[in-house]
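Single-structure report; data block below.
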């Protein structure tokens, strides 16, 4: 008998599990539209969060809503800033189970960025490099998906086995190690079933047994609970 489980295949007990959350989104800003047009992908932006409610969510993006050129490391708010302005922003949110040590490393690595926030800028040239498959790396410059991949890698979580400067939002969308838990408008996420009942969802997924059967968290919730807000 195999367990219904997140794709990280952890053997921890339910109360010991740790998760981080990868958020892919598509706003209506001009740069986001251009990236989507070029890549033909549904999402142009990637973020990482330390909690299921996305209260501690970080990325590289614009610091001021109406200034597309002032970009760098920021703490994001799904109800304010760019997400607050573009209320129809669509997203997919993925859960990744990690060890206690990896989770603490993630917090430490993010704290380094928080403590030195003013020195970090956006890796515009890196975007071009990713498009032509030539990574451009700078110690204080990142683009969004490069930053997320870097933070994970520094914490001992190597999802892609390639240079962080080549990681795009598409890589997260297609990564078999991530479990999608929500798809819809980002403004509806906190009122959906997932964050309000996260413990129930994870416990159900890790305790139900079926013969040779595996499902990701989003599909399980959608089929069996029918209470996600997916507009």
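The values are calculated or read from the model by the stated rules, or taken from the named source; none is laboratory data. Please read all numbers here as calculations on a predicted model, not as lab measurements. Glycine also receives a Cβ, built like all others from the backbone with ideal geometry; neighbour counts cover every protein chain displayed.
So the values come out like this:
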{"quantity": "Selection within region 177-200 - part of a strand (DSSP E or B) and in contact with a helix residue (DSSP H, G or I) (Cβ under 8 Å, 6 or more places away or on another chain)", "calculated": "179, 180, 181, 182, 183"}
{"quantity": "Conditions (1) exposed (fewer than 15 other Cβ atoms within 10 Å of the Cβ); (2) at pLDDT 95 or above: number failed by residue 85", "calculated": "(2)"}
{"quantity": "Filter result for the condition that a residue is out of contact with any helix residue (DSSP H, G or I) (no Cβ under 7 Å at 6 or more places or on another chain) and in a helix (DSSP H, G or I), over 134, 173", "calculated": "173"}
{"quantity": "Enumeration of residues in region 88-106 that are surrounded by 15 or more Cβ atoms within 10 Å (Cβ to Cβ), assigned to a helix (DSSP H, G or I) and more than 15 Å from the chain's Cα centre (by Cα)", "calculated": "102, 105"}
{"quantity": "Residue that is nearest to the chain's Cα centre (by Cα), among those in region 24-41 that are within 12 Å of residue 89 (Cβ to Cβ) and assigned to a loop (DSSP other than H, G, I, E, B)", "calculated": "27"}
{"quantity": "Residues of region 59-82 satisfying the condition of being farther than 19 Å from residue 195 by Cα and surrounded by 17 or more Cβ atoms within 10 Å (Cβ to Cβ)", "calculated": "59, 60, 61, 62, 71, 72, 73, 74, 81, 82"}
{"quantity": "Among the residues listed as 218, 213, the single one being in a helix (DSSP H, G or I) and either under 17 Å from residue 20 (Cβ atoms) or modelled with pLDDT under 85 (or both)", "calculated": "218"}
{"quantity": "Per-region count, region 25-58, residues surrounded by 17 or more Cβ atoms within 10 Å (Cβ to Cβ) and at positive phi", "calculated": "1"}
{"quantity": "Matching residues in region 154-179 - criterion: being surrounded by 18 or more Cβ atoms within 10 Å (Cβ to Cβ) and on the phi > 0 side of the Ramachandran plot", "calculated": "none"}
{"quantity": "The lone exception for residue 21 - which of (1) assigned to a strand (DSSP E or B); (2) at pLDDT below 75 it fails", "calculated": "(2)"}
